[in-house]
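Following: one structure in structure tokens, then a few remarks.
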Amino acid sequence: AGETTEVSVPIFSGWLKVFAEFSVRVFEDGTLLGSNDEEGKILLACGSHTLEIVSPSLGVRTTRVVEITPGGTTAISLETPMGTLLVEAPDGTQVSVDRELKGVTPMGPIPVKVGTRVVVLQPRDLNSRSIPVQVSATKPAHVSYTGN
């Protein structure tokens with residue numbers, strides 16, 4: 001009695017913005033909160049959140065702890081992880097991924113960013129072939145070309 005206590009309680013929510021070169025879904029305690037495909041932001045209660053950020057098709061799964069402030073936007077950026085591409089093509093075939101020359105067959109595994117990549121194979125004295133391929137972080141992607 002006779003004392004005054006001041007309490008600060010955030011009553012406004014805040015926003016989360018996830019930047020990634022690929023589609024991800026954001027979960028908290030197993031509950032889907034949203035994705036980076038939606039209107040760009042996910043509304044969250046203020047405070048600390050442990051989030052799981054997932055792209056099942058690309059084999060990407062990471063955990064981030066974020067602090068959401070009242071009325072503010074907390075941004076997180078995800079680095080695009082690397083995957084592996086294996087190419088089978090006639091010897092001497094030039095291999096490019098997303099317009100970047102990677103080498104000439106025969107060649108070993110090629111490290112590339114996960115996601116949909118465009119592989120162009122240019123065998124000697126034959127027409128080039130452009131092949132879209134989905135590269136995952138969990139298993140190698142394969143491209144095979146016989147020259148026919």
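Distance in nm between label sites at L86 and T69, each 7 Å beyond Cα in the beta-carbon direction?
So the two model labels end up 4.9 nm from each other.
Between S77 and S48, what FRET efficiency follows from the Cβ-Cβ distance if R0 is 22 Å, with the result rounded to 0.05? Spell out each step's value before the answer.
Values: r = 19 Å, r/R0 = 0.86.
E between S77 and S48, to the nearest 0.05, is 0.70.
Round to the nearest 0.05 the FRET efficiency obtained for N127 and T62 when R0 = 41 Å and r is the Cβ-Cβ distance.
Working: r = 41 Å, r/R0 = 1.00.
Once the sixth-power term is evaluated, E becomes 0.50.
Where the accessible area of the chain is counted over protein heavy atoms with a 1.4 Å probe, how much of it, in %, is carbon and sulfur?
So the carbon and sulfur contribution to the accessible surface is 49 percent.
Just to confirm a number: summing +1 for Lys and Arg and -1 for Asp and Glu over residues other than D98 whose beta-carbon lies under 13 angstrom from that of D98, what do you get?
Here the charged neighbours net out to +2.
Excluding residues on the same chain fewer than 8 positions from K102, give the lysines whose Cα lies under 24 Å from its Cα.
K113, K139
If you average the sequence gap of Cα pairs under 8 Å that are 6 or more apart and divide by the length of the chain, what percent do you get for the contact order?
Working: 339 pairs, mean separation 30.8, N = 148.
Rounded, it is 21 percent for the chain.
Could you tell me the calculated FRET efficiency between K41 and E6, based on Cβ-Cβ distance and R0 = 25 angstrom, to the nearest 0.05? Write down the numbers at each step before the final one.
On the way: r = 31 Å, r/R0 = 1.25.
Taking R0 as 25 Å, the efficiency between K41 and E6 is 0.20.
Per residue, how much accessible surface does region 64-148 expose to a 1.4 Å probe? Answer in Å², no decimals.
Working: 5000 Å² over 85 residues.
I get 59 Å² per residue for this part.
Let me check something: with ligands and nucleic acids excluded, how do R99, R64, R124, R117 order by accessible area (1.4 Å probe), largest to smallest?
Working: R99 235, R64 80, R124 160, R117 40 Å².
Sorted by accessible area, descending: R99, R124, R64, R117.
The values are calculated or read from the model by the stated rules, or taken from the named source; none is laboratory data. Since this is a predicted model, take the numbers as computed values, not measurements. When we count neighbours, we look across all protein chains shown, and the Cβ atoms used for this are built from the backbone with ideal geometry, even at glycine. Ligands, DNA and RNA are stripped out before the accessible areas are found, and what is left, the full protein with its side chains, is counted by its heavy atoms. Shrake-Rupley method; radii C 1.70, N 1.55, O 1.52, S 1.80 Å.
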